[in-house]
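Take a look at the structure set out below.
The values are calculated or read from the model by the stated rules, or taken from the named source; none is laboratory data. Nothing here was measured: the structure is a model prediction, and the numbers come from that model. Counting neighbours? That spans all protein chains shown, and the Cβs are built from the backbone with ideal geometry, glycine included. In case anyone asks, the SASA skips ligands and DNA or RNA and just uses the protein heavy atoms, side chains included. Shrake-Rupley method; radii C 1.70, N 1.55, O 1.52, S 1.80 Å.
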Amino acid sequence: MVRRHELTDAQWQKIEPLLPVNGNPGGQWADHRRVINGVLFRARTGVPWPDLPERYGPWQTLYERHRRWSADGTWQQILAELQIEAGATDPDGQLAKAIEEETRQRTQEWAVNIDSTSCRAHQHAAGARHRPPRDFPQKGGGARVEADGREALGRSRGGLTSKVHLLSDDRARPLTWQTSPGQRGDSLMFVPVLEGLRIRRRGPGRPRGRPDRVRGDKAYSSRGNRPYLRGRGIKATIAQPDDQRAKRRRKGRAGGRPPAFDQTQYRRRSAVERCVNKWKQFRAVATRYDKRDYIFNGTLTVTAVVIWLRDIIQEPSEAP
């Protein structure tokens, strides 16, 4: 029987081939499905690891598996394979009925939406050691120290917070993201987030990293961001703040023409807001409990996997 917050049989069949298999004799993986269901239960409810139900087995096994896969990129590899699967098939299950419809879909531009969201950090998320873990320094784990905060934790109006800067597609699915201390501005992370966009293709070919259009709110309207998009040949649908408009008007002709802005395209930016709403249904995302940044990114990744699975596989109760 499938319980709440656990993978359904169809979802499990989709990700089972993507999971690591047992190697040489010796240490053997515990049941992957039971462990993943326990990790998802913790992500959805936000309970401390020792308080997980006994049906998922020892909580140390679940925590170590989640920590290991967060450090070595296993969660990220699963998400990348699901993105390839969704790009190679029709996620709606509605195939084109005419050649004209197929041609229209192929020529449709690829647009992404950028935004950020703040995640309040629980008191348990503070106090990580300055020394990185001994077992995973070479696999992406370890301490993260920056000028404005450690482990992507910082002080803002809401207290101790982390900020997630994300890109989503028009189906409200997370494509890529980066974490930062909560007080860092959105505009500073515009270029790093776009540079991190790498959607792999099925078969040969480099990953796709240049969308046709980027949509963003007023926080991303700056001198540096618009020339960056023009240099890469990416269309910009970014709202302009009132102070920038007034400054251009004061200069008269020297202020130049206002940047192009498509109101119809801007309305579609709501997809990233819906993506954030889906993400924050998981309480371990809405409130950060992880001390290490790479473990928190692992929590973001495993919940993103669930979002993509629910979009690719529509259960009978979810079908229209």
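Rundown of residues vs (1) open to solvent by less than 10 Å² (accessible area, probe 1.4 Å); (2) in a loop (DSSP other than H, G, I, E, B); (3) of a type outside the set (A, V, I, L, M), yes/no style:
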{"residue": "L160", "(1), (2), (3)": "no, no, no"}
{"residue": "K163", "(1), (2), (3)": "no, no, yes"}
{"residue": "P192", "(1), (2), (3)": "no, no, yes"}
{"residue": "G205", "(1), (2), (3)": "no, yes, yes"}
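Could you give me the residue pairs with C-beta distances under 6 Å whose first residue belongs to the range 225-246 and is under 23 Å from R267 (Cβ atoms), whose second residue is open to solvent by 40 Å² or more (accessible area, probe 1.4 Å) wherever it lies, and which are 6+ apart or on separate chains?
Sorted first by the residue in the range 225-246, then by its partner, the pairs are T237/D262; T237/Y266; A239/K218; P241/K218.
Given the criterion more than 26 Å from K218 (Cα to Cα), among the charged types (D, E, K, R) and open to solvent by 20 Å² or more (accessible area, probe 1.4 Å), identify the matching residue among K291, K251.
Numbers: K251 fails: more than 26 Å from K218 (Cα to Cα).
Every option except K291 fails the conditions.
Give W59, W29 a once-over and let me know the one that is open to solvent by 60 Å² or more (accessible area, probe 1.4 Å), of a type in the set (F, W, Y), farther than 26 Å from E315 by Cα and at pLDDT 95 or above.
Numbers: W29 fails: at pLDDT 95 or above.
It is W59.
Kindly check whether there is at least one residue in the range 276-285 that is open to solvent by 60 Å² or more (accessible area, probe 1.4 Å), in contact (Cβ under 8 Å) with a residue 12 or more places away in the chain, closer than 24 Å to E6 by Cβ and in contact with a strand residue (DSSP E or B) (Cβ under 9 Å, 6 or more places away or on another chain).
Yes; the residues of the range 276-285 include at least one that is open to solvent by 60 Å² or more (accessible area, probe 1.4 Å), in contact (Cβ under 8 Å) with a residue 12 or more places away in the chain, closer than 24 Å to E6 by Cβ and in contact with a strand residue (DSSP E or B) (Cβ under 9 Å, 6 or more places away or on another chain).
Report, by residue number, each residue of the range 269-305 that is under 20 Å from H122 (Cα atoms), of a type in the set (S, T, Y) and assigned to a helix (DSSP H, G or I).
Of everything in the range 269-305, those that are under 20 Å from H122 (Cα atoms), of a type in the set (S, T, Y) and assigned to a helix (DSSP H, G or I) turn out to be Y294, T299, T301, T303.
Quick check, is T237 over 27 Å from N297 (Cα atoms), in contact with a strand residue (DSSP E or B) (Cβ under 6 Å, 6 or more places away or on another chain) and either of a type in the set (S, T, N, Q) or not in a loop (DSSP other than H, G, I, E, B) (or both)?
Against the criterion (over 27 Å from N297 (Cα atoms), in contact with a strand residue (DSSP E or B) (Cβ under 6 Å, 6 or more places away or on another chain) and either of a type in the set (S, T, N, Q) or not in a loop (DSSP other than H, G, I, E, B) (or both)), T237 qualifies.
So which of A86, A43 ends up being crowded, with 18+ Cβ neighbours inside 10 Å, at pLDDT below 90 and under 21 Å from the mean Cα position of the chain (by Cα)? Spell out the reasoning first.
On the way: A43 fails: at pLDDT below 90.
Unique residue meeting the criteria: A86.
Restricting to the range 207-237, and then to whatever is more than 30 Å from A125 (Cβ to Cβ) and in contact with a Phe, Trp or Tyr (Cβ under 6 Å, 6 or more places away or on another chain), can you tell me which residue is surrounded by the fewest Cβ atoms within 10 Å (Cβ to Cβ)?
The selected residue is D212.
From the list T264, T299, which one is over 15 Å from R173 (Cβ atoms), modelled with pLDDT of 95 or more and of a type in the set (S, T, N, Q)? Explain how you work it out, then say what you get.
Working: T264 fails: modelled with pLDDT of 95 or more.
Unique residue meeting the criteria: T299.
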